[in-house]
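Asker: The structure's right below; bear with me while I get my questions together.
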Amino acid sequence: EAVLAKGHSKAVLWVEILKKVVLVGLILLTINKGISGLAVGLVLSSLAALVLSLLLSGKMVGYTIWNMIKDCAPYIAISSTLCIAAYFLSMPFESNLMKLLVCISFVGTFYILLTRMLKLEPMMELMGWIQKMINLRKKN
């Protein structure tokens, strides 16, 4: 969006076309590997799309891959830590449904708590939006 705002719609169009070409190419390369192969192809396609978008935005607005890594690092660290903990926490349960419920409730609860404690910007925006919606409902 920042690149579009700067008036570089042609560059955005070409990057989007290139992303779709990469996606189709990876699907064709991995389709004979079954669902797992397609999943790997989609992940690779998403990574390629990310790199292409970051290269474009880096040139146009100065948002580099390093900036993205710095912005994403807290979320990746929290998510990875919680998922590993949830994996070990769910090990004693035999039922897949119980494992799923334990993991969802554990990760969801602690993700919200940790992002609020660390005052990460998107969580603070979300909490502000929720508070605004609550206040609007109280007025009505």
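Asker: Residues to consider are Ile65, Ile27; find the one that is under 30 Å from Gly108 (Cα atoms), touching a Gly at 6+ places or on another chain (Cβ under 8 Å) and not hydroxyl-bearing (Ser, Thr, Tyr).
Answerer: Every option except Ile65 fails the conditions.
Asker: Kindly state which helices (runs of 4 or more DSSP H) lie completely within the stretch 47-140 and contain at least 2 residues that are β-branched (Val, Ile, Thr) and either open to solvent by less than 60 Å² (accessible area, probe 1.4 Å) or closer than 30 Å to Lys10 by Cα (or both).
Answerer: Correct list: 65-90, 96-117.
Asker: Within the stretch 26-43, is even one residue open to solvent by 70 Å² or more (accessible area, probe 1.4 Å), over 30 Å from Leu118 (Cα atoms) and within 17 Å of the chain's Cα centre (by Cα)?
Answerer: yes
Asker: Scan the stretch 9-24 and report the pairs whose first residue is closer than 15 Å to Val51 by Cα and in a helix (DSSP H, G or I) and whose second residue is open to solvent by 70 Å² or more (accessible area, probe 1.4 Å) and among the hydrophobic types (A, V, I, L, M, F, W, C), with Cβ atoms within less than 9 Å and a gap of 6+ or a chain change.
Answerer: Short answer, once both residue conditions are applied: Val12/Leu4; Val15/Leu55; Val22/Leu44; Leu23/Leu42.
The values are calculated or read from the model by the stated rules, or taken from the named source; none is laboratory data. Keep in mind the model is a prediction, meaning the values are calculated, not measured. Cβ atoms come from the backbone with ideal geometry, glycine included; neighbour counts cover every protein chain shown. Surface areas here come from the heavy atoms of the whole protein model, side chains and all, with no ligands, DNA or RNA. Shrake-Rupley method; radii C 1.70, N 1.55, O 1.52, S 1.80 Å.
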